[in-house]
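Engineer: Sharing a structure below in structure tokens format, with a few things to ask.
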Amino acid sequence: MQGLLDGDAFRRLCLAREFARDAHANTVSLAAMARVAGMSPFHFARSFRRAFGQTPHAWLTDVRLERAKGLLSRSGTHVTDVCFDVGFSSLGSFSTLFSRHVGLPPSVWQRQMVRLAQSPGGIAVAYVPHCFASRFCSLGG
């Protein structure tokens, strides 16, 4: 989608995106991201969506949820701590968004990841595509 923007505008959008990724655990406003890109907030929001296929808010939510998944996959972490560590200010909002995006509540997802980590092959097996794994594993016959 980058072809829809000139190179300089795309570069500035990428700078703003990296700024937000680095600051994801803090409050990251649209205005702050737009300032980094050197654009008005309205122009920034439209350009960001055109370049990356989603709004800055949706993208930042995805970044936070991915970070949360990484933190939750560690044994002994608490869902409430992870919620605040990745930049959410409400446990209810975090749990709702996590469930909507991942398909499971954070506590259930965490239990499954910890259980996988304790099984032979660990979590890595869960991320190997079946088409690849089937070439190297006996499938019962």
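Engineer: So is V36 of a type in the set (V, I, T) and more than 18 Å from the chain's Cα centre (by Cα) or not?
Structural biologist: yes
Engineer: Looking only at the stretch 6-17, count every residue that is out of contact with any Gly (no Cβ under 7 Å at 6 or more places or on another chain), of a type outside the set (A, V, I, L, M) and surrounded by 14 or more Cβ atoms within 10 Å (Cβ to Cβ) and tell me the total.
Structural biologist: Qualifying residue count, the stretch 6-17: 3.
Engineer: Quick test for you: out of A34, A51, A20, pick the one residue that is free of Cβ contacts under 8 Å to residues at least 40 places away in the same chain and either touching a helix residue (DSSP H, G or I) at 6+ places or on another chain (Cβ under 9 Å) or surrounded by fewer than 13 Cβ atoms within 10 Å (Cβ to Cβ) (or both).
Structural biologist: Being free of Cβ contacts under 8 Å to residues at least 40 places away in the same chain and either touching a helix residue (DSSP H, G or I) at 6+ places or on another chain (Cβ under 9 Å) or surrounded by fewer than 13 Cβ atoms within 10 Å (Cβ to Cβ) (or both) holds for just one of A34, A51, A20, which is A34.
Engineer: I'd like the residue in the stretch 37-48 that is in contact (Cβ under 8 Å) with a residue 24 or more places away in the chain and not hydroxyl-bearing (S, T, Y) and, out of all such residues, is most open to solvent (accessible area, probe 1.4 Å).
Structural biologist: G38
Engineer: Of everything in the stretch 57-103, what is in contact with a Leu (Cβ under 8 Å, 6 or more places away or on another chain), open to solvent by 50 Å² or more (accessible area, probe 1.4 Å) and within 26 Å of A45 (Cβ to Cβ)? Give them in sequence order.
Structural biologist: H57, H101
Engineer: Same structure again: Do any residues in the stretch 69-96 that are free of Cβ contacts under 8 Å to residues at least 40 places away in the same chain and more than 18 Å from T27 (Cβ to Cβ) have Cβ atoms under 6 Å from those of residues that are part of a helix (DSSP H, G or I) and of a type in the set (V, I, T), where the two are at least six apart or on different chains, and which pairs are they?
Structural biologist: Close Cβ pairs satisfying both conditions: L71/V82.
Engineer: Another question, if that's okay. So, in the stretch 105-131, of the ones that are closer than 16 Å to V82 by Cα and among the β-branched types (V, I, T), which residue ends up modelled with the lowest pLDDT?
Structural biologist: V114
The values are calculated or read from the model by the stated rules, or taken from the named source; none is laboratory data. What you see is a predicted model; the values in this text were computed from it and never measured. Here the Cβ is made from the backbone with ideal geometry for all residues, glycine too, and neighbour counts use every protein chain on show. Keep in mind that these areas ignore ligands, DNA and RNA; they rest on the heavy atoms of the full protein, side chains included. Shrake-Rupley method; radii C 1.70, N 1.55, O 1.52, S 1.80 Å.
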